[in-house]
Amino acid sequence: MTRLRAAVPTLLVAALALLTVLPLVWMGAVSLMSPGSASAMPPPFWPEHASLVNYRTLLLPERRAGGADGYQIARAALNSLVLALLATGLALAVTVPAGYAFAKLHFPGRAPLLQALLALIVVPAQVGMLPLFLLLKSVGLVNTYAGVLAPSLASVYAVLFIRQAMLGLPDEMLDAARIDGASEWRIFTSIVLPLVRPVLITLALFIFLASWSDFLWPLIVLSDQHLYTLPVALAAMSREHARDVELMMAGAVVTTLPVVLAFALLQRFYFTGILGGSVKG
Amino acid sequence: MNRTARAGLWFAAPVVALTFLIVVVPTLGAALLSVTDFDIYALGDVTRLRFVGLDNFAVLAHDPHFWRAAGNTLLFAALGVPATIAASLLAAVLIGSATVRWRPVWRVLLFAPYVTTLVATSVVWRTLLDTRFGPINAALAAVGIGPVDWLGDARTSIPAIVLFLVWKNFGYNMVVFSAALAMVPADLRDAARVDGAGPWLRFRHVVLPAIGPALLLATVLSVANFLQLFTEPYIMTHGGPAGSTTTVLYFMFEQGFTWWSLGMASAVALVLFAAILGVTAVQARLGRRAEWL
Amino acid sequence: MSTQGAVAPQLVSAFTAATGIAVDVQPLPWTAAHEKVLTAFAGGALPDILMVANDWLAELAMLGVARPVPGAFAGALPAAGAAVAVDGVPRALPWTLDTQVAFFHRGRLGAAGYAAPPATWHEWRAMGHALKRRRPDDYPLLLLLDWPEVLMTWGAQGTEPLLRDRDTRGNFATPGFRAALAFYVSLFADRLAAPLVGAQAGDTLAGLAQGRFAVLPSTASTVGDLNQLAGFPHAAWSLAAMPTPGPRPAPVLLAGASLVVTRDCRDPARAWQLVRFLCAPAAQRRLHALTGDLPAASAAWAEAPLAGDPLAAVFADAFTRGVGAPAVPEWARIVFEVQAIAERTVRGEFGIDAATAAMDTRVDAILAKRRWLLDRGRPA
């Protein structure tokens, strides 16, 4: 094969990759343009004078009439972060022990419960959303952090994922620890968890990303603006400020940059996580 | 009951209880609501509620808006699933090519759209597809194609959103297919090449059967995802123009949270649930026949 | 209904300065405001005070969202007072009063030989054609297919009400509404208006300023928006009343906003204090200065700048013939669905008669529960 023919696949992939990220690059470029300059004919691809004015407008509280600070994007970013961290912590706390139990601890009813969980996978999340809203309303949890977090705690996927990962742990090691007199909790925390740390990181990453990008449920549950998460705040802003393209792009950057960064830093875990459960070989 | 069993129950209990409360009870609640006429009046005073049996479902069966939403959803799936799977497969084949260099770099770039927040990229693409100032139309104009009213013309609104969705989602299956392709037995491929089979035949008879299970799973998940489209019409087109991008879930959201016809919305939710279940079952049956499951 | 939320902090800061009571204001995008209010009600998360569209008052009264108004508000314009009453009982304090008028670009109309848009439908269409002849590639009128106000305004100009039978059935197959729909659809058919929806229209004010279209039906707050638009001087535009079917004066469909103190409010006394402050003539004049919204308090009209303002006079004249929308809880939904059918008529899916029949069928279905409740003798 000639050198040129060998280079063709690389060139093709490179072209495809650059085409793929083009919209994201454009998003960043427009966010740095001065207000109004993107609505020109023909539309510019690069800012004439790059500036952070849109980010200032977006994030700094300023009591101007008609200002975009009304949407409190900075506050929403904080909400998103806190909620994502809480969701991750709480979801891990309930699903990891359960995954371990389904994998390694024989308890009465384990098999039928597992079947039931598997059956629940096919239930789309939206079916129960309206009744769940009414249920939360009856206990006063609408428009609260707890209300937003509720669905993340019932993650059947997470339980099954952890179970799958722990099936391969050697029973002999666990039995030996039991014989030595260690309690089940001790075994779980001192022996099992350290062994599956990469899996935990992967699951934590998935839960964090899912919580950050969650839209429909927070949209339904939150009415107080100062509790809004970023996607909800951005969507509200997009209905009102549709013409302020540069501002909207800055909002989009703020919303999506953290998850892209988290992915870039932890991509090894992310890819392992995807492949962990889905390839039948 | 011994110590291990007790521990097992304690470990599993929280998530099982939460799942019961948060998934099972509301799903049963949806079934219950769907046979009532719970609406804005009942929201104010629950005594203004009537049990209506299967009336909601009957009304849905005759409601042209619902059928339009169902048709739109199926059209989304019919266009989007093959497009996404094909794009993912193509990308996986390309990136799996033996002579590709800097593969991790391209993989991250190709995967990036998948991790982005859907709301944010919906906003970006809505601007990209803008008829007057969008770069896509500008690029088309440069090659002499007149401006296309992507999101404003009922004929192009669904394809435009499908284009966005393919861009957003192809990375996930690309990774899955890459791994599956890597496991295709090399000796089989070589044997086929030695036998004189061209690339297409090799693909059809050696590669495709080997990645069959992955393909099937990806298709099932993809169909289920497309049947649940909501955010894109909500952000980009508000279900329009002329209701052309209203999906079943968007229709349900409107019934439930714009008009508070919770009885009707729950009926829609159950119909959607049944559809997803049905489609999944059919695909599983097909997969078993092809011995891919 | 566009920027009150953004300027509200300025209005309440005067209140806080005077009384020391701190106020937290949350603006909502108008397109989502109705659903947000209902969601807040459903979730038990209502704020203390709400600005609501008058059209929603029947629904909010049925739900019991608002506290009863303590003492009538004597200083309101008669039309405003009527607009906040449901079943004869005032449900809110009127804040602004509004209706559709036609904003126009003086230059483009002048070039076609018009000093102002004419008064009847027939002449309006002729004006549209004259404008189109001069600029065949542009659409002279901006009528967005998801703005129901224009069709409803013309529909309300007939002699028949929009709902019949104790407001439990649609009345859209009447000659009056049929004519309104036919006129509306003809404007698109004659290519005088482009079949666009809101998201595609882009910056409508910039479009008017640049002369991309010549006539823009809108509400009073557009006056404020245009005043703040750089590069479009006051002399370059004006507004006129919407056209009517014939020379006889026709009813004018009113809109507007009012303020309610909600049932969940834990300090109603201070809340009413703020509401009365905002409805007082001084605050109302300030609101007008900031946004162009027209006050419901009649005292605010007696002095400058409103007293001598020719634009405000157009509104004032329209208010004298004002009628409110039918006071049924389902009205917002009815308007939405009727407009959806009108949009599909414009796009060729229905003929006019089929469309009005479809509207009646749809509205009858929407009002089915109301019929059942009335037959059962339920309270409002």
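The values are calculated or read from the model by the stated rules, or taken from the named source; none is laboratory data. Predicted, not measured: the structure shown is a model, and the values here were computed from it. Cβ sites come from the backbone with ideal geometry, for glycine too, and all protein chains shown count toward neighbours.
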Exercise. Only one of (1) more than 27 Å from C:L46 (Cα to Cα); (2) touching a residue at least 60 places away in the same chain (Cβ under 8 Å); (3) away from chain B (no Cβ under 13 Å); (4) not charged (D, E, K, R) is not met by C:Q339, so which one is it?
Worked result: (3)
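Conditions (1) more than 30 Å from A:S37 (Cα to Cα); (2) surrounded by 15 or more Cβ atoms within 10 Å (Cβ to Cβ); (3) modelled with pLDDT of 90 or more; (4) not acidic (D, E), marked per residue:
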{"site": "A:A165", "(1), (2), (3), (4)": "yes, yes, no, yes"}
{"site": "A:A182", "(1), (2), (3), (4)": "yes, yes, no, yes"}
{"site": "A:W185", "(1), (2), (3), (4)": "yes, no, yes, yes"}
{"site": "A:L200", "(1), (2), (3), (4)": "yes, yes, yes, yes"}
{"site": "A:A204", "(1), (2), (3), (4)": "yes, yes, yes, yes"}
{"site": "A:T229", "(1), (2), (3), (4)": "no, yes, yes, yes"}
{"site": "A:R243", "(1), (2), (3), (4)": "no, yes, no, yes"}
{"site": "A:Q267", "(1), (2), (3), (4)": "yes, yes, no, yes"}
For this session: Answer yes if at least one residue in the range C:241-252 is out of contact with any Ser or Thr (no Cβ under 7 Å at 6 or more places or on another chain), hydrophobic (A, V, I, L, M, F, W, C) and surrounded by fewer than 22 Cβ atoms within 10 Å (Cβ to Cβ), and no otherwise.
Result: yes
Seminar exercise, completed: In the range C:188-232, anything of a type in the set (A, V, I, L, M, F, W, C), surrounded by fewer than 21 Cβ atoms within 10 Å (Cβ to Cβ), touching a Gly at 6+ places or on another chain (Cβ under 7 Å) and more than 14 Å from chain B (Cβ to nearest Cβ) is listed as C:A209
Seminar exercise, completed: Over the range B:108-159, the set of residues under 23 Å from A:E246 (Cα atoms), in a helix (DSSP H, G or I) and out of contact with any helix residue (DSSP H, G or I) (no Cβ under 8 Å at 6 or more places or on another chain) is B:N137, B:A138, B:A139, B:L140, B:A141
For this session: Scan the range A:217-227 for residues that are assigned to a helix (DSSP H, G or I) and surrounded by fewer than 20 Cβ atoms within 10 Å (Cβ to Cβ) and jot them down.
Result: A:H226
Seminar exercise, completed: The number of residues in the range B:181-209 that are within 13 Å of chain A (Cβ to nearest Cβ), in contact with a helix residue (DSSP H, G or I) (Cβ under 7 Å, 6 or more places away or on another chain) and part of a helix (DSSP H, G or I) is 2
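Listed here are the residues, each with its yes/no results for (1) modelled with pLDDT of 90 or more; (2) among the aromatic types (F, W, Y); (3) assigned by TED's automatic domain parsing to the domain that holds B:T127.
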site	(1), (2), (3)
B:S222	yes, no, yes
B:A242	no, no, yes
B:T245	yes, no, yes
B:L249	yes, no, yes
B:W259	no, yes, yes
B:A265	yes, no, yes
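This table checks each residue for (1) within 14 Å of chain A (Cβ to nearest Cβ); (2) outside any helix (DSSP H, G or I); (3) touching a Cys at 6+ places or on another chain (Cβ under 7 Å); (4) in contact (Cβ under 8 Å) with a residue 24 or more places away in the chain.
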site: B:V59; (1), (2), (3), (4): no, no, no, yes
site: B:H65; (1), (2), (3), (4): no, no, no, yes
site: B:A78; (1), (2), (3), (4): no, no, no, no
site: B:V81; (1), (2), (3), (4): no, no, no, yes
site: B:A87; (1), (2), (3), (4): yes, no, no, yes
site: B:P104; (1), (2), (3), (4): yes, no, no, no
Exercise. So which residues in the range C:278-318 are among the polar types (S, T, N, Q) and either over 17 Å from C:P78 (Cα atoms) or assigned to a loop (DSSP other than H, G, I, E, B) (or both)?
Worked result: C:T291
Seminar exercise, completed: The number of residues in the range A:1-55 that are more than 8 Å from chain B (Cβ to nearest Cβ), surrounded by 13 or more Cβ atoms within 10 Å (Cβ to Cβ) and aromatic (F, W, Y) is 1
Exercise. What number of residues in the range B:135-154 are within 11 Å of chain C (Cβ to nearest Cβ) and either among the small types (G, A, S) or touching a residue at least 40 places away in the same chain (Cβ under 8 Å) (or both)?
Worked result: 4
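One residue is enough: does the range A:231-247 have a residue meeting the conditions more than 11 Å from chain B (Cβ to nearest Cβ) and touching a helix residue (DSSP H, G or I) at 6+ places or on another chain (Cβ under 7 Å)?
So in the range A:231-247, the residues more than 11 Å from chain B (Cβ to nearest Cβ) come out as A:240.
Subsequent filtering for residues that are touching a helix residue (DSSP H, G or I) at 6+ places or on another chain (Cβ under 7 Å) retains none.
The answer is no; no qualifying residue exists.
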Problem set entry | Yes/no for A:P131 being at the interface with chain B (Cβ under 10 Å from one of its Cβ atoms), more than 30 Å from A:V192 (Cα to Cα), free of Cβ contacts under 8 Å to residues at least 12 places away in the same chain and under 20 Å from the mean Cα position of the chain (by Cα) | no
Exercise. What residue, among those in the range B:252-285 that are in a loop (DSSP other than H, G, I, E, B) and on the phi < 0 side of the Ramachandran plot, is farthest from the other protein chains (Cβ to nearest Cβ)?
Worked result: B:S261
Seminar exercise, completed: Going through (1) outside any helix (DSSP H, G or I); (2) more than 11 Å from chain B (Cβ to nearest Cβ) one by one, A:I207 fails only at (1)
For this session: Can you run down the residue pairs with Cβ atoms below 6 Å, 6 or more apart or on separate chains, where the first is in the range B:15-35 and within 7 Å of chain A (Cβ to nearest Cβ) and the partner is among the hydroxyl-bearing types (S, T, Y) and surrounded by 21 or more Cβ atoms within 10 Å (Cβ to Cβ)?
Result: B:V15/A:T95; B:A30/B:S266; B:L33/B:S266
For this session: Kindly indicate whether C:G44 is surrounded by fewer than 19 Cβ atoms within 10 Å (Cβ to Cβ), of a type outside the set (S, T, Y), away from chain A (no Cβ under 14 Å) and on the phi > 0 side of the Ramachandran plot.
Result: no
For this session: Say whether the condition of being farther than 30 Å from C:R125 by Cα and either over 22 Å from the mean Cα position of the chain (by Cα) or assigned by TED's automatic domain parsing to the domain that holds C:P70 (or both) is met by at least one residue in the range C:238-255.
Result: no
For this session: Considering every residue within the range C:90-104, establish whether at least one is farther than 30 Å from C:L50 by Cα, in contact with a Phe, Trp or Tyr (Cβ under 9 Å, 6 or more places away or on another chain) and of a type outside the set (D, E).
Result: yes
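Quickly run through the range A:155-197 and pick out the residues that are in contact with a Ser or Thr (Cβ under 7 Å, 6 or more places away or on another chain) and touching a residue at least 40 places away in the same chain (Cβ under 8 Å).
Passing the criteria: A:S155, A:A158, A:V159, A:I162, A:E184.
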Exercise. Helices (runs of 4 or more DSSP H) wholly in the range A:109-164 with at least 3 residues that are under 17 Å from C:G44 (Cα atoms) - which ones?
Worked result: A:129-138, A:145-153
Exercise. Assuming B:L9 fulfils every condition listed in (1) facing chain A (nearest Cβ under 9 Å); (2) surrounded by 20 or more Cβ atoms within 10 Å (Cβ to Cβ); (3) among the hydrophobic types (A, V, I, L, M, F, W, C) apart from one, which condition is it?
Worked result: (2)
For this session: Please specify each residue of the range C:267-277 satisfying the condition of being out of contact with any strand residue (DSSP E or B) (no Cβ under 8 Å at 6 or more places or on another chain), in a helix (DSSP H, G or I) and either buried (at least 19 other Cβ atoms within 10 Å of the Cβ) or touching a residue at least 40 places away in the same chain (Cβ under 8 Å) (or both).
Result: C:R270, C:Q273, C:F277
For this session: Working carefully through the options C:V69, C:V101, C:V89, find the one that is among the β-branched types (V, I, T) and surrounded by 21 or more Cβ atoms within 10 Å (Cβ to Cβ).
Result: C:V101
